[in-house]
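This report refers to the structure that appears directly beneath it.
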Amino acid sequence: MSVLIFIDTAEGHIKKSTLEVLSYGSKIAEQTGSAAEAVVLGSVKDDLTALGKYGVKKIHHAASDAFSHFDAQVYTKAIADVAIATGAKVIVFSNNINGKAIAPRLSARLKAGLVAGAVALPDISSSFTVKKNVFSGKAFANVTVNTDVKIISLSPNAYQVVTGEGTAEVVAANITAAPGKVTVTSTTKASGEIVLTEAEIVVSAGRGMKGPENWGMIEDLAKTLHAATACSRPVADAHWRPHNEHVGQTGFAIAPNLYIAIGISGAIQHLAGVNRSKVIVVINKDPEAPFFKAADYGIVGDAFEVVPKLNEAIKKLKGTT
Amino acid sequence: MKILVCISKTPDTTAKIAFTDNNTKFDPNGVQWIINPYDEWYSLVRTIELKEADASTVIHLVTVGGADTEPIIRKALALGGDEAVRVNADSSDSFYIASQIAEVAKQGAYDLIFTGKETIDYNGSSIGGMLAELLDMPYISYATKFELTGSKATVTREIEGGEEVNEVELPLVVSTQKGMAEARIPNMRGIMAARTKPLKVVEPVAADTLTAVAAFGLPPAKAGVKLVDAENAEELVRLLHEEAKAI
């Protein structure tokens, strides 16, 4: 019996969300008195043994080139094979892009109940119940899994990474890759930038910025905070900013530790994408902007004056002036 | 080309969320129902565009729900589906729902199945992946673009911080999101035509329920916004650093 955690990589590097699921899955192993094991597919450039400090004891590595690009069907079969071989009772994914593609497939393949988008550890006192967000963050549900094998996909930024001591044993996973049907013809990636869905701090701006030429101060503030930049829907629709920055109902749903909304009124569709942020700061010159009702901190004022001052104040705090 | 589009009924985005029966059921009182936005704006509209490009394309819609789902499926037909199937069942378990749709899909022998990236009620993002596994088809999720060349699909999918272009032979399951197509509204001709389009009701097949909602809840209300003077950015920084510990 074990808890099996999926290690997700991009270009051979371990994703930040993986550290969260390793910590989370190891805690479940501790709760249930079982061993924390992990599976990783494809070649990896980072040191896998070092992942032991997040609590995982054993890592099953299938390095075959067949896993060099992502194909949900191929990955699912491989993970299912490892899960069966290790007798995994709980299988943990990040509820990120790849997790959302694999976890449901695996659920159907193993007939194992899935809680997608968990935000807390399971309650195992009487049944196996996991809390998740529903209604786009406006409510939560405690979902009971009725099957012997359980699958959980953990919302990014919902569980704090826990770092301890230890090294993980890495073993070759004895699995054969199924032939894949999907080929990747090209990949475009904004390199060096902070990934919006994984960012701990997000600086976001809306129509209140009046035009794309005024985004310099937003980018400066983001840089000072090591934050990702985001925008509201009207801004993306007007092509002031790229669509991959759009957060809200139809864009990305994010849950950073800190979300700073500048010149965004806070329509319910926007809130649906950001209301899981731990701390929300709103800067808007309209005191009636609905966003203030959802905010923890606010400044009623002109972004063009407030943002540069805020940037200076943060630089002062960080001692980088 | 035969395409199956999965349609889900969800509360309107602005609906007030409340629960009844000791917090075990969603309270539908006063709620306006809509087609799940991703199913409508991206899945359905993109398939309509495919049919506009190739008139031999057949679009079938499927929904799993009670009779109260019919206004939603009629609206989807008014936008442009050819016919619809409603599986007369209700469940909060994705595997049960996916099993019902898989049965419809098997009988229809579809080349392509579209789902929205998630529903805005349960936010599970699970049906597409489960369907693909049940049907042993490849699955491309979070697609932002979809093109067909004969039986080969070229699909752009989102990855963290970028995009990836995939090529795959049909049949295929795709989950769609923003970028796929622009939202449309049904016109009068479509609404009239939808009244007479076939809407078949079938009973569910036996399928397992793997999960159950034990209880719903609402997040604790925010304590209220703490306003800081516009001249005093230092104070905001102090609060974020010392009180919220966010920077």
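Before moving on, here are some points about what is shown:
- For the stretch B:110-167, a Kirkwood radius taken over Cα pairs fed into Stokes-Einstein (10 °C, viscosity 1.306 mPa s) yields D = 128 µm²/s.
- Spin-label zone in the stretch A:211-227 - amide nitrogen under 18 Å from a point set 7 Å from the Cα of A:ASP237 along the C-beta vector: A:211-212
- Kirkwood estimate for chain B, i.e. one over the average of 1/r between Cα atoms, Å: 19.8 Å
- In terms of its C-alpha gyration tensor, the stretch A:169-321 comes out prolate, because a/c is 1.5 or above and the ratio a/b outweighs b/c.
- Applying a threshold of 22 Å to the alpha-carbon distances of A:LYS189/B:LYS245; A:LYS223/A:LYS315; A:LYS15/A:LYS111; A:LYS45/A:LYS100; A:LYS15/A:LYS53; A:LYS27/B:LYS117 flags A:LYS189/B:LYS245; A:LYS15/A:LYS111; A:LYS45/A:LYS100; A:LYS27/B:LYS117 as lying beyond it.
- Taking every protein chain into account, the accessible area of chain B amounts to 42 square angstrom per residue (probe 1.4 Å).
- Against chain A, whose longest principal axis comes from its Cα atoms, helix A:216-225 is set at around 50 degrees.
- Mean Kyte hydropathy of 0.0 or more with a Cα span along the axis of at least 27 Å, helices from DSSP in chain B: none
- Oblate is the label for the stretch B:155-211, because the ratio a/c of its alpha-carbon gyration tensor axes (a ≥ b ≥ c) is 1.5 or higher and a/b is not greater than b/c.
- Mean residue ellipticity (222 nm) of chain B, computed from DSSP H runs ≥ 4 via -39,500 (n - 2.57), nearest 500: -7000 deg cm²/dmol
- For the stretch A:267-287, a drop of 10 Å² or more in accessible area on going from the chain alone to the assembled protein chains (1.4 Å probe) is found at A:ILE268, A:GLN269, A:VAL279, A:VAL281.
- Candidates B:ALA221, B:ALA109, B:ALA230: whichever shows maximal mean-square fluctuation once chain B is modelled as a Gaussian network with Cα springs under 10 Å: B:ALA230
- Long-range tail of P(r) for the stretch B:63-193 (Cα pairs > 21 Å, %): 47 percent
- Accessible surface of the protein assembly as shown, 1.4 Å probe: 51 percent of it comes from carbon and sulfur atoms.
- Cα gyration tensor shape for chain A, rounded if a/c is under 1.5, else prolate or oblate: prolate
- Total accessible surface hidden between B and A, rounded to 100 Å², 1.4 Å probe: 6800 Å²
- Taking 19 Å as the cut-off, the amide N atoms of the stretch B:199-228 that come nearer than this to a point 7 Å along the Cα-to-beta-carbon line of B:LYS245 belong to B:223.
- The label-point distance for A:HIS226 and A:ALA120, in a model that sets each label 7 Å from Cα toward Cβ, rounds to 3.0 nm.
- For B:ASP12, the solvent-accessible surface with a 1.4 Å probe is about 40 Å², rounded to the nearest 10.
- Label-to-label distance, nm, for residues given as B:THR196 and B:LYS226 (7 Å Cα→Cβ offset): 6.6 nm
- Environment charge at A:VAL3 (Cβ cut-off 13 Å; Lys +1, Arg +1, Asp -1, Glu -1): +3
The values are calculated or read from the model by the stated rules, or taken from the named source; none is laboratory data. Note that the structure is predicted; figures quoted are calculated from it, not measured. Cβ sites come from the backbone with ideal geometry, for glycine too, and all protein chains shown count toward neighbours. What goes into the accessible areas is simple: the full protein's heavy atoms, side chains included, and nothing from ligands, DNA or RNA. Shrake-Rupley method; radii C 1.70, N 1.55, O 1.52, S 1.80 Å.
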